[in-house]
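Heads up: the structure comes next, in structure tokens.
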Amino acid sequence: MADRDELALRRVQTQIVLDLQRLRNATERRIGELLVVQELTPITPAQANALMVLVNAREPLTGADLARALGLSEVTVGRFVKALVDGDWVARQKDPEDGRRLLLRPTGKTREALPRFVAVSNGMLDEVFAGWSAGDVEDLGVRMAQLRGRLELGAES
């Protein structure tokens, strides 16, 4: 009986992990659709995330800071940044305290488009969490943070 219960639990755990990946993919797909609606193409969902981190930081960030905030490699973020700089969404400037470092900041183009980025984010959140109570959202947030923490801890060891 215990083996059957353990197997059933493993199936549920496996389904949760698969669903997390599907949620990520579905989220990126939906954000991409909403970016088109808001006429924010050719910005990708990943680039939009990078822009929002830069805007929310309220101060210039290094590529390493941005990579850390996004949970991505510096190489991956470097590709985003190049495309965003080429599109005049992000500006690079030398760090006045350390000329070897480049700082990234959103441009006026990004700030002007900010209400449309907010509309993308709010539209997606309204769709995803429709009918959920604040407590439901907070509970899920706690569980997701626990899962993320365990996965990040495992990757470090």
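The values are calculated or read from the model by the stated rules, or taken from the named source; none is laboratory data. The shown structure was predicted, so the numbers you read here are calculated from the model rather than taken from an experiment. All Cβ positions, even for glycine, are placed from backbone atoms using ideal geometry, and neighbour counts span all protein chains on display.
Restrict the check to region 57-66 and report whether at least one residue is assigned to a helix (DSSP H, G or I), free of Cβ contacts under 8 Å to residues at least 40 places away in the same chain, within 27 Å of residue 37 (Cβ to Cβ) and hydrophobic (A, V, I, L, M, F, W, C). Lay out the reasoning, then the answer.
Step one: of region 57-66, the residues assigned to a helix (DSSP H, G or I) are 57, 63-66.
Filter once more, so that each one left must be free of Cβ contacts under 8 Å to residues at least 40 places away in the same chain: 57, 64-66.
Restricting the remaining residues to those that are within 27 Å of residue 37 (Cβ to Cβ) gives 57, 66.
Subsequent filtering for residues that are hydrophobic (A, V, I, L, M, F, W, C) retains 57, 66.
Yes, region 57-66 has at least one match.
In region 76-115, of all residues being of a type in the set (S, T, N, Q) and under 18 Å from residue 40 (Cβ atoms), the one that is surrounded by the fewest Cβ atoms within 10 Å (Cβ to Cβ) corresponds to 107.
Would you point out which residue out of 91, 113, 69 is outside any loop (DSSP other than H, G, I, E, B), touching a Ser or Thr at 6+ places or on another chain (Cβ under 9 Å) and of a type outside the set (Phe, Trp, Tyr)?
91
Residues in region 116-146 that are exposed (fewer than 11 other Cβ atoms within 10 Å of the Cβ) and either touching a Gly at 6+ places or on another chain (Cβ under 8 Å) or outside any helix (DSSP H, G or I) (or both): 130, 131, 133. Checking the structure you have, find out if any residue of region 109-123 is without any contact (Cβ under 8 Å) to a residue 40 or more places away in the chain, among the polar types (S, T, N, Q) and under 19 Å from residue 69 (Cα atoms). No, there is no match, as no residue in region 109-123 is without any contact (Cβ under 8 Å) to a residue 40 or more places away in the chain, among the polar types (S, T, N, Q) and under 19 Å from residue 69 (Cα atoms).
Have a look at 51, 84 and point out the one that is at pLDDT 95 or above, under 24 Å from residue 152 (Cα atoms) and touching a helix residue (DSSP H, G or I) at 6+ places or on another chain (Cβ under 8 Å).
When all the criteria are applied, what remains is 51.
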